[in-house]
Amino acid sequence: MKSHRIRAVLSLIALAGCLEVQAQGMSSSQINYALHCQGCHLPDGSGTPDKVPALKGEVGRFLHVAGGREFLVRVPGTSQSALTDAEVAAVLNWILNTFSRAELPPDFMPYTTEEIARLRRPPLANVSAVREQLMAELAAAGAGAAFN
């Protein structure tokens, strides 16, 4: 019984922290990025060379090749997150506009809840192989990326 009270108090503290962050002007997408993405991709989207791909200045390039849009939805961190389809759409759009606006194609259309629901499952089984193929296509199309 005592552990349930401790968990309840900790949950309330965490909720209060999130509300404080929102009060300071962070959007729900920024909060979701902080809670679900930045642990690996880092607060500035720079990733970790040879371990976690950078989002900053890079992720928008995927939208220049067939299959790239779907790839961003089906990577396990996105596909298997606890976020709703609407939250995934919002955080992906926030990531693209925040970290890679200059790399977006001129005809970029934001992700929609319906699109996420359609593409999200199943998650990719071989992320590295699909990513390498997309990167090869980017290079061949002259939109080569310096992904780490």
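Residue count for region 76-114, restricted to those that are more than 30 Å from G142 (Cβ to Cβ), surrounded by fewer than 13 Cβ atoms within 10 Å (Cβ to Cβ) and among the small types (G, A, S): 1.
Looking only at residues that are of a type in the set (G, A, S) and assigned to a loop (DSSP other than H, G, I, E, B) in region 34-75, which one is nearest to A140 (Cα to Cα)? So the residue we want is A66.
Within region 25-33, is even one residue closer than 20 Å to R131 by Cα, part of a helix (DSSP H, G or I) and open to solvent by 60 Å² or more (accessible area, probe 1.4 Å)? No, region 25-33 contains no residue that is closer than 20 Å to R131 by Cα, part of a helix (DSSP H, G or I) and open to solvent by 60 Å² or more (accessible area, probe 1.4 Å). Just one of the listed residues (G67, G47, G57) is open to solvent by 30 Å² or more (accessible area, probe 1.4 Å) and among the small types (G, A, S), namely G67. Pairs linking a residue in region 34-48 that is without any contact (Cβ under 8 Å) to a residue 24 or more places away in the chain to a residue that is acidic (D, E), with Cβ atoms under 9 Å and 6 or more positions apart or on different chains, are Q38/D44. Of all residues in region 87-128, those that are in a helix (DSSP H, G or I), hydrophobic (A, V, I, L, M, F, W, C) and either under 16 Å from A66 (Cα atoms) or touching a residue at least 60 places away in the same chain (Cβ under 8 Å) (or both) total 6.
The values are calculated or read from the model by the stated rules, or taken from the named source; none is laboratory data. Predicted model only: the values in this text are computed from it and were never measured. Glycine also receives a Cβ, built like all others from the backbone with ideal geometry; neighbour counts cover every protein chain displayed. Note: accessible area is taken over every heavy atom of the protein model, side chains too, but ligands, DNA and RNA are not part of it. Shrake-Rupley method; radii C 1.70, N 1.55, O 1.52, S 1.80 Å.
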